[in-house]
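Note sheet for the following structure.
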Amino acid sequence: MLSQSASRAIIFSLIVFALCFSPVAAQDNFRDVVEMSLEIGFGGYFRPGEWTPVRVELANHGESLRGRLVVRPETSGRVVGNAFSRPIDLPSGSQKSATLYIQARSFPDSIRVELIDEAGLSRAWRDGALYDIGPHDQLHVVIAGPNATPPGLSGAHVGGVEAQQVIWRAHQVPELGAALRSLDMLMLLNIDSASLSRDQVKAIRHYVEEGGHLIVNGGPSALITAAAFEAILPLSPSGSRSIDDLSALARFIGDRDALAGRAIVALGELDASAEVLAAADGLPLVARRRLGAGLVDFLAADPSLAPLADWAGLNGLWLKLMATRPPHPAWREGFTRPDWAAEAVANLPGVDLLPPMQALCIFLGAYILLIGPLNYLVLSRLRRNGWGWLTIPLIILCFTGIAWTVGFNLRGTEVIVSRLTVAQSFVDQDEAQVDQVLGMLSPRRATYSLTLPEGSSLAVAGATSPSSIFASNTIQTGTEIRQASRFGAQDFTIDGGIFANFSAAGRIPKPAISGGFTLGFETLESGRLVRVYHGALRNESDITLRDVRILGPGFAYRLEGELAPGDILTLSGDELRPDLTDAPAQPNPLELFVTVQTMGQSPFSGLGRNTTIKQIQGERYLRTRAFLRAESIKERQAAREQSFLASFSVDQFLSDGRGAGLYLAGWSDSWARDLEIEGAAWSAVDTSLYLIELDVDIELPGEQVTLSSDYFSWMTLEREGLVGNGTDNFSLFESQSVEFLFHPLPGLALDEVTRLYLKVDRGGGYAQMLPLEVYDWEAGAYEKFGYREGDELELAAPAAYLGAGNAVRLRLEYNSGSGTARVRRIRLEQTGRYHRER
């Protein structure tokens, strides 16, 4: 028989064995009773650094439980830089769906979504694959009804890149507008829009207002598709009728062939701000409405039904709608340089985190005096020089205690929040879009929680692309972004003297700062048009703006003094007019994703991509050396603003992208105290930039005029072997080519064109043959204009070379010789008249 002690040892071992393995068995049982499935991103695709929806379907066949859905670095690896979670309540027998929003990194394999209960146990988990979309590629989503066959959109993209198309059903639409920012186009087709929740409809609207492109299709299902979106549509359907000819759509894309066949088109009332792009017998077939920074297009017919479903030009229709998007100002691409945002956060003008140099010198002097001469004199008088072994350590300990106590008190107990905000408002909207970077500077190592207002999103800044010591955020992996009714970061730890950086986005009521202006034109002897603006500004808000600039296409005007509450300022055409320059055509918004910016280059080194920053800063602009050596409070404030501007404003392709628009840019040193920080009191250092679109009416001239290149926008249709080039400063190697499509800016297309002028400036490099090919819209093919010397082409009978809306296509192909063919710039002009009512 076993001894009593041996029996006890065996029983103890069995108990330990059971305790070690019972949690694993319990978790396995939990996973048996909780089923989980995932829908990640946009059909598995995502854009690195953007909010990506992760839809989770859950079924609980066991006991009721509460917990949270989590994606975390511990189980998803380097795919995410920090954890994301949202609470979930699963009663027994329930089936629920929830959407978690994450920001993922490039080149991941998969993520793991876990259901963790209140005790910290993982009740269920599921892995899902992710596929990253390059910043230059297009991503389109079609929200289609259950019986709809969506048209193909994979061919709708700018030249040299790819487009991915994803099909969603209504229940897959996220309720966070920021989660749709990855999309280049969103289409509604034969859906019951009443099945969408209020937050889903709001998310789609916010997506458009912040620069998105929404296409709503009509046909037999127009009424139910449009029901939830009537407030934003260019045409509100009220009925339908059948027609036998859609050739107007073919003409709209420049196709001379007929498009016959019976089709049902939606009828309705046009919005006052709508523009009819194509019509048949007075019936609008394509109508457009601008909404904030984005567009809503309404196609009256159903592209999934004949004759459009069988039309070879359907892909050309989507390209035409994309190509005619108005340009976007340089500041609308979001925080593309997080390292510069972190640089701005760390710059605190007027806040000295170190003790005054004078006090430090006095302290060190007293220490040296006491531990040296005074200590020696006292001990000598007492004839106790040997006591130095005791007095010196005591003096050191006392001064150490004094230094620690004084230093601790100097650092205080308050957290300093360094916050930089850009608020953008638009003429036709009641809300302003807000984007922020904020850093929390802790006086000592401590744990905090941060909560944003309802409707705002919060992310750990720099978590997706750490590129410097400033952008590498020390709280990345240790922070969990919780997404309930409000976004927040819970129980994260900050070391003393270290910034914890976040980014935030939301919406606020539109500031009551506005302006009404008229855009007129002066015609030079050459016929070239010069823009001239005149009108008035009104500040009916309680905000005082300093360093105010009025920004127009190619110019900036500085207001004298502040724009204070109650101010009304009248501005004349002598003040608001650009200098006459040789400016390129403006890029289509889709092209702005093509050029990948070099993160390490200073935006203040004179590389030509900082025009907007220079214009906003004016005489306060600091070049690279002055920026690095900024010492005074005024200079440090200017450096803080420039770093912030550099984080989201880049003049790609040497263009400010303002179209014919007019904007107010002004700074403020305050912002609402709308954060909640648990763990300490806090104070804020605020810098806020307001970018306000001003209302502009266009008065067209009556005489013959010439539109120069800056009155056009461009988009590439094909690129072979080229990456990230615009119309200026590129080279073609052997067998490379590029095809450009130009459109006049919205509202500025001539009614009659009598002359077309094209110039391909080779910069003197004419040794290699580079023929210019211009598209003949009547023949449906390119016509080659070969030349070896010279770089200009003037066509006095241009009708065949003008597509719908006076579009011009040209192609450059280098297929002979060796080396490279350099192109310094491409310019075009159209001469003619306006006949429409003015």
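How long are the semi-axes of the ellipsoid equivalent to the stretch 47-90, from square roots of 5 times the Cα gyration tensor eigenvalues, in whole Å, largest first? Spell out each step's value before the answer.
On the way: eigenvalues 121, 29, 15 Å².
Semi-axes (√(5λ), whole Å): 25, 12, 9.
Towards the positive end of the charge dipole of the chain, with charges on Cβ (+1 Lys, Arg; -1 Asp, Glu), say which of L580, Y101, G803 has the farthest Cα.
Ranked along the dipole, the leading option is Y101.
Nearest 10 degrees, 0 to 90: what angle lies between the long axis of helix 357-369 and the longest principal axis of the chain (Cα atoms)?
20 degrees
Run the numbers for E792 and S816: contour at 0.36 nm per residue of separation, minus the present Cα-Cα distance, in nm.
Extra length available between E792 and S816 comes to 6.6 nm.
For E752 and D430, compute 0.36 nm times the residue count separating them, minus their Cα-Cα distance, and round to one decimal in nm.
Extra length available between E752 and D430 comes to 112.1 nm.
Work out how much length T581 to R241 would gain on full extension: take 0.36 nm times their residue separation and subtract the Cα-Cα distance, in nm to one decimal.
Details: separation 340, 0.36 × 340 = 122.40 nm, distance 5.08 nm.
Net length gain for the segment: 117.3 nm.
Report the one residue of Y448, A639, L770 whose Cα lies farthest in the direction of the positive end of the charge dipole of the chain (charges on C-beta: Lys and Arg +1, Asp and Glu -1; origin at the Cα centre).
Looking along the dipole axis, the top candidate is Y448.
Sort the stretch 148-208 into rounded, prolate or oblate with this rule: let a ≥ b ≥ c be the square roots of the eigenvalues of the Cα gyration tensor; rounded if a/c is under 1.5, and if a/c is not under 1.5, prolate when a/b is larger than b/c, oblate otherwise.
Oblate, because a/c is 1.5 or more while a/b does not exceed b/c.
What is the helix-to-structure angle for 633-646, meaning the angle in degrees between its Cα long axis and the longest Cα principal axis of the chain, kept from 0 to 90 and rounded to the nearest 10?
Around 60 degrees separate the two axes.
Rounded if a/c is under 1.5, else prolate if a/b beats b/c, else oblate: with a ≥ b ≥ c from the C-alpha gyration tensor eigenvalues square-rooted, which is the stretch 271-327?
Oblate shape, in that a/c is at least 1.5 and b/c is the bigger or equal ratio.
Rg and Dmax of the stretch 60-131 over Cα atoms: what are they, in angstrom?
Considering the stretch 60-131 through its Cα atoms, Rg and Dmax are 12.8, 39 Å.
In Å², and per residue, what accessible area does the chain have when probed at 1.4 Å with the other protein chains present? Walk me through the numbers before you get to the answer.
Working: 36230 Å² over 838 residues.
Roughly 43 Å² per residue, with all protein chains present.
To the nearest 0.05, what FRET efficiency results for L628 and I698 with a Förster distance of 51 Å applied to their C-beta separation?
FRET efficiency, L628 to I698: 0.70.
For the stretch 470-586, how big is the tail of P(r) above 18 Å, as a whole percent of Cα pairs? Each step should come with its number before you reach the end.
Values: 4669 of 6786 pairs.
The proportion of pairs with Cα distances above 18 Å equals 69 percent.
I need the peptides 387-394, 556-563, 725-732 ranked by packing, meaning the mean over residues of other C-beta atoms within 10 angstrom, with the highest value on top.
Descending mean neighbour count gives 725-732, 556-563, 387-394.
Which Cα, out of I215, A194, V434, lies furthest along the positive dipole direction of the chain (beta carbon charges, K/R +1, D/E -1)?
After comparing all options, I get V434.
Would the stretch 511-570 count as rounded, prolate or oblate if I go by the C-alpha gyration tensor, calling it rounded below 1.5 in a/c and otherwise prolate when a/b exceeds b/c, oblate otherwise?
prolate
Under a crude label model (7 Å from the Cα following the beta-carbon direction), how far is H534 from D127 in nanometres?
Spacing of the two 7 Å Cα→Cβ label points: 7.0 nm.
Once the Cα atoms of helix 4-33 and of the chain are each reduced to a long axis, what angle between those two axes, in degrees from 0 to 90 to the nearest 10, is obtained?
Relative to the chain, helix 4-33 is tipped by roughly 20 degrees.
Compute the distance in nm between two label points, each set 7 Å from the Cα along the Cα-to-Cβ direction, one at E718 and one at D89.
It works out to 6.0 nm between the two label points.
If you place +1 on the Cβ of every Lys and Arg, -1 on the Cβ of every Asp and Glu, and leave all else neutral, what size is the dipole of the chain about its Cα centre, to the nearest 20 Debye?
Taking the Cα centre of the chain as origin, the dipole is about 3140 debye.
When the C-alpha atoms of the stretch 626-712 are aligned to their principal axes, what extent does each axis show, in angstrom, from largest down?
67, 33, 21
Sum -39500 (n - 2.57) across every DSSP H segment of at least 4 residues in the chain, then divide by the residue count to get the 222 nm mean residue ellipticity, nearest 500.
Helix contribution divided over all residues of the chain: -5500 deg cm²/dmol.
Using a 1.4 angstrom probe on heavy atoms only, work out the carbon and sulfur share of the accessible area of the chain in %.
Carbon with sulfur: 52 percent of the solvent-accessible area.
Which order do you get for L689, L628 if you rank them by accessible area with a 1.4 Å probe, largest at the top?
Sorted descending by solvent-accessible area, the residues read L628, L689.
Restricting attention to the alpha-carbon atoms of the chain, what are Rg (one decimal) and Dmax (integer), both in Å?
When restricted to Cα atoms, the chain yields Rg and Dmax of 31.9, 119 Å.
The values are calculated or read from the model by the stated rules, or taken from the named source; none is laboratory data. For clarity, every value in this text was computed on a predicted model and none was experimentally measured. All Cβ positions, glycine included, derive from the backbone under ideal geometry; neighbour counts span all protein chains shown. Just the protein is used for accessible areas: all its heavy atoms, side chains included, with ligands, DNA and RNA removed. Shrake-Rupley method; radii C 1.70, N 1.55, O 1.52, S 1.80 Å.
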